[in-house]
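Notes follow once the structure below has been shown.
The values are calculated or read from the model by the stated rules, or taken from the named source; none is laboratory data. Keep in mind it's a predicted model, so treat the numbers as computed, not measured. No Cβ is skipped: glycine too gets one built from the backbone with ideal geometry, and neighbour counts run over all protein chains shown.
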C-alpha cells in the first residue's frame, strides 16, 4: 500500500485522484447511476436541483447526474479504445520503421508525415464521412487519425535505442530480429507512447466531445458530454447548469489527463529533496558525528 | 584465427550525400592466443573496423575470415554461427547492459539466445561464468546501476563468453574505467587470452596500455593502416612519421621528464574521410612530406615491421621546442 | 604556498550533497590554496569529490541536488564563502573562468561561436558589440584557431573536437579571469590534441598570469601542467605538495598505487598490469576510519577506527596516513 502511495505521490496526487475518480465512476457507472440515464420524463423536464434529481434534469426530463456519470464511461471507453488500438498499430509501424531503416523507413515515414500534416480532426471527419456517424465509427476514425503521431514517436524512440550498445550487444550474441523487436525495442517504444498518450488523452476527450457536439460522434440517446452540451444549448438562459455541468466535467478530465501526462513524463527525472526530509538528513549526519 | 583482407567500409553521409570511406583496404590478422592492438585517433575508423567484423556495420569490399571461413559470403544460419565466433566488448559497460534487467537475467537471456533450453543448466552456467570473470555470485541478483564500472565490464565479458567465442573484439574496453581499476580488467583479458587461447583485437587510443598488453600493434589513420609490427619495434623504432608523432604526444607521469619533453606537434586537423588527400593520407599534416607524397599513394613496405610511407624508416621527425 | 599571497584560499571546505535517495559527504575538511600564475591540480578518480568540490561553491550542480557547503573560501583577499556569505557565483565568468570536460555540451549548438564569446566580453568587460567582436577574434587567434574572423560566424558542430575545446577556452578567458577552473579539459580529446591544449593552457597562463585549478584523473596531463598537486580519495585530500614531491616521491599508499597503475612507455613489454584491489567506499554511508583502509596494503590497526589527519612529510608536502607517521617515528629512533 505504501509503495502504491509513493508511486501516486511521485506522479502527483491531484492527477491520480482526478483520473482515478473518473475511472472509478466510469467503470461502475451502470450500477451507481441513480436513474436510467435514457429514461425520459417529460413531466419533469428542465428541473433544478432536488433530492430526487440531485443535479436536476434535462429538457426531456432525464436525470443529469446519471447522464454525467454515463458520459464519463462513454468518453473513457472511447479514449481507452482509441489509445489501445492506435498504440498497437502506430507502435508496430514505428518500431518496424525505426528498426529496419532504409527504404522501408523512408516509405512508412512519408506516409506518416502525410497523416501528420492533415489535422487529426479533418482525418476523423473524412473517415466519418465514409463510414457514417456513430459511436464505433467515431472510435475507428479517431484511431486512424491518431496512429501517425504514435508511429512517429515510437519510430524516434526505436531509432535512438537501436544503436545503443545494449541492443547491439544482443545482435552480436546472435539474438533473432523478433526477439530484439518484441522483447527489447517494442516495450521501450510502448512506454514512450504511454507517457505521451496520457497527456494526449485530454485532447482525445475534447475531440470526442466536439465530434458528438457536431452530431458526428455519439448518437442519441447515448449519454455523452458533448451531446449533453448540444441538448442544453437551447435552454442556456433558463437553466445554464445543463451547459455548465458537462463542460465542467470535460474541463476537469482534460486537466486530470494533462497533469497525469506531466507526472509520468517527469517520473524518473531527478528531484530535489523536500525541506522536511532535508532537515532529517542533516540531523542524522550530526548524530552520526563522524569525522 | 581472425584474418581481414582488403576490407573497406563505406557510409553515405546523410547531409552532403558524399561517400565516406571509414575503412579503406584494411588487412590485418590476429592468431589464437594473441592480443593485437589497433590504435589511432578518434574518427580514424578503428571502431568501424571492429564493428564490421562482428556484423554491426556492412563491409563494401574485402574479406573477414574467422577460423578460415569468410563470414561475409555466408548467409542465414551458417553466417550467424560463423559470426558468433567473434564477440564484441563495448567501451561503456553501462549502456551495454539493459537497464531494466538484473545481471542474472541478462546472462540468462544470452544463454537462451545461444540455445540452452534447460533453465537449471543456464543457472549453473551463469554461476560458473561469474566465477570465471572474478565476480561474486550475488551480483546476479543486482541491477546494472548498482554495479561499479569495473564490475559491469566483467559482466559484459562474462556474457560474451556465453557463446564460447574464438575471437574477442574489445573497443576501448578500459577507457571509461578508473585508472586503478583498469589493471583488473586488463589482467582478465590477458588471462582469457592465455587460458582460452582467445584471439583478441584490442582497439584503443591509449598507446601505453596497448604497448604493455599487445604482442603486435597496428596504427590507423584516416581509414588506412599506417604502420604494423611487433610492439617492441613499433614503440622503440617507429617507421612512420604519424606513429612517431603519436608516441611523442603520450604524456609521462613524471613531471621532471615532462618538463624536458619536446613534442612533435602536428599542424591542423584530420581531413574529412569523404575527401581524403591524394597520395599519402597523412601528407597534409606530415612535417616530412615531399612532392611524391601528394602524387603517389605509398605501398606498405614488407617486413616484420612495415609502414605505409614513401620514406618508411628513413624519416625521423625532430620534436619542436 | 602561504595563504597571504594566495589568490584562492580554501579552508575546511565540506560539501554535503542531498538527493531524494541519499546524502553523500562529497568532501570533508578540504584545504588548499593557489597563487596567481600557478597551477594546482586536484587529482582523483570518479566519485572522489574532486569535481563537486570546485563546482558546488560556484552553484554548478546537477538538477535535483541540494548542497550544504561549509568552510571558508577567500578569493583575491576577500572572504567570498563562509561566515554567512556566498558570493563566489557572482565571480563566475568574470574573475573565475570555467572549462568543462565536454566541449560540445559546453557550447550552445544553435548559436554562432562568435556571439558566445562576445557575450562574455560584453557582459563582464562592458564592451560594445564591435569591440567585443574584435576581442573575440583576437581570443580565437590567441588559442591557436586559424582564420579567426571567419570562424566567428561558424556553429560549434562545424568544428572538430580539439577546435571546440579551444573555443571553450577562449570563452572562459574572454573576461581575463584571475582564476581558471579546468575540469578534465582534455579527457574527451585525442592524445595529439591533448598535448596541444596543455601547451596552449601553459602559454595562456604565462601571458595572462592567471591561476589554474586543474581537475583531472589523468596523471600524465597533471604531470605536464601542475606546480602543485592535491590527491583526493573519498572526498578528502590524502596527499598534497609540489608536483615533484607528490609524483616522484609519493607518500600516501593510495598515491603510490595510483601512480603504479599508470602504464608508461617504459614498462616491460607483456608485464601484468598493476592496479589497486577492491573499490572506493560508498560515501553515502558513515566512515569510521581511513577511507582507503580496505584497499591498503600497509594498513595498521588504528586505520580502521580513526581517520588519519594530513601530516607534513617534508616542507609543504603532507599526507594523511598513520603508516607514514609510524615509519617516520621508527626512522628517528
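Listed conditions (1) under 25 Å from the mean Cα position of the chain (by Cα); (2) within 9 Å of chain C (Cβ to nearest Cβ) are all met by residue B:199, apart from (2).
Residues considered: A:144, A:181. Of these, the only one that is part of a helix (DSSP H, G or I), away from chain B (no Cβ under 12 Å) and either modelled with pLDDT under 90 or within 25 Å of the chain's Cα centre (by Cα) (or both) is A:144. The set of residues from region B:159-192 being farther than 24 Å from residue B:43 by Cα and more than 9 Å from every other protein chain (Cβ to nearest Cβ) comprises B:161, B:164, B:165, B:166, B:188, B:189, B:191, B:192.
Any residue that is more than 14 Å from every other protein chain (Cβ to nearest Cβ), under 21 Å from the mean Cα position of the chain (by Cα), at pLDDT below 90 and surrounded by fewer than 19 Cβ atoms within 10 Å (Cβ to Cβ) - is there at least one of those in region B:285-293? The answer is no; no qualifying residue exists. The residues on offer are A:104, A:172, A:130, and the sole one that is surrounded by fewer than 20 Cβ atoms within 10 Å (Cβ to Cβ), within 22 Å of residue B:57 (Cα to Cα) and without any contact (Cβ under 8 Å) to a residue 12 or more places away in the chain is A:104. Among the helices (runs of 4 or more DSSP H) confined to region C:194-276, the ones with at least 3 residues that are over 13 Å from residue B:251 (Cβ atoms) are located at C:243-248, C:253-261. Of all the residues in region A:157-178, those that are over 22 Å from residue B:92 (Cβ atoms) and assigned to a helix (DSSP H, G or I) number 2. The residue that is modelled with the highest pLDDT, counting only those in region B:62-90 that are within 14 Å of another protein chain (Cβ to nearest Cβ) and surrounded by fewer than 20 Cβ atoms within 10 Å (Cβ to Cβ), is B:85.
Of all the residues in region C:97-119, those that are modelled with pLDDT under 85 and closer than 19 Å to residue C:210 by Cβ number 2.
Within the bounds of region C:158-178, is there any residue that is within 23 Å of residue C:211 (Cβ to Cβ), modelled with pLDDT of 85 or more and assigned to a strand (DSSP E or B)? Checking region C:158-178: not a single residue is within 23 Å of residue C:211 (Cβ to Cβ), modelled with pLDDT of 85 or more and assigned to a strand (DSSP E or B).
Set side by side, the residues C:179, C:214, C:159 differ, and just one is farther than 14 Å from residue C:44 by Cα, in contact (Cβ under 8 Å) with a residue 12 or more places away in the chain and more than 11 Å from chain B (Cβ to nearest Cβ), which is C:179. Only one entry in C:143, C:80, C:85 is under 19 Å from residue C:205 (Cβ atoms) and either in contact with a helix residue (DSSP H, G or I) (Cβ under 9 Å, 6 or more places away or on another chain) or assigned by TED's automatic domain parsing to the domain that holds residue C:8 (or both), namely C:143. In the set (1) surrounded by 23 or more Cβ atoms within 10 Å (Cβ to Cβ); (2) closer than 30 Å to residue C:16 by Cβ; (3) facing chain B (nearest Cβ under 7 Å), the condition left unmet by residue C:223 is number (2). Counting only strands (runs of 3 or more DSSP E) that sit completely within region C:1-103, those holding 2 or more residues that are within 14 Å of chain A (Cβ to nearest Cβ) correspond to C:6-18, C:23-35, C:66-75. When the residues of region C:1-49 are filtered to those that are out of contact with any strand residue (DSSP E or B) (no Cβ under 6 Å at 6 or more places or on another chain) and surrounded by fewer than 19 Cβ atoms within 10 Å (Cβ to Cβ), the one that is modelled with the lowest pLDDT is C:2. Listed by position, the helices (runs of 4 or more DSSP H) contained in region A:204-291 that have at least 3 residues being under 22 Å from the mean Cα position of the chain (by Cα) and surrounded by fewer than 18 Cβ atoms within 10 Å (Cβ to Cβ) are A:241-265.
Restricting attention to region C:257-290, the residues being more than 11 Å from chain B (Cβ to nearest Cβ) and crowded, with 16+ Cβ neighbours inside 10 Å number 5.
Does region B:20-42 include one or more residues that are more than 25 Å from residue B:235 (Cα to Cα) and touching a helix residue (DSSP H, G or I) at 6+ places or on another chain (Cβ under 8 Å)? Within region B:20-42, one or more residues are more than 25 Å from residue B:235 (Cα to Cα) and touching a helix residue (DSSP H, G or I) at 6+ places or on another chain (Cβ under 8 Å).
Every residue, every condition in (1) surrounded by 13 or more Cβ atoms within 10 Å (Cβ to Cβ); (2) over 16 Å from residue C:194 (Cα atoms); (3) away from chain C (no Cβ under 13 Å), yes or no:
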position	(1), (2), (3)
B:267	no, no, no
B:296	no, yes, yes
B:302	no, yes, yes
B:307	yes, yes, yes
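All of (1) more than 9 Å from every other protein chain (Cβ to nearest Cβ); (2) modelled with pLDDT under 85; (3) under 20 Å from the mean Cα position of the chain (by Cα) hold for residue B:272 with one exception: (3). Of everything in region B:275-284 that is surrounded by 14 or more Cβ atoms within 10 Å (Cβ to Cβ) and in contact (Cβ under 8 Å) with a residue 24 or more places away in the chain, the residue that is nearest to the other protein chains (Cβ to nearest Cβ) is B:282. Can you work out which of the residues in region B:115-141 that are under 25 Å from the mean Cα position of the chain (by Cα) and either within 14 Å of chain A (Cβ to nearest Cβ) or part of a helix (DSSP H, G or I) (or both) is surrounded by the fewest Cβ atoms within 10 Å (Cβ to Cβ)? Going through the qualifying residues, I end up with B:132.
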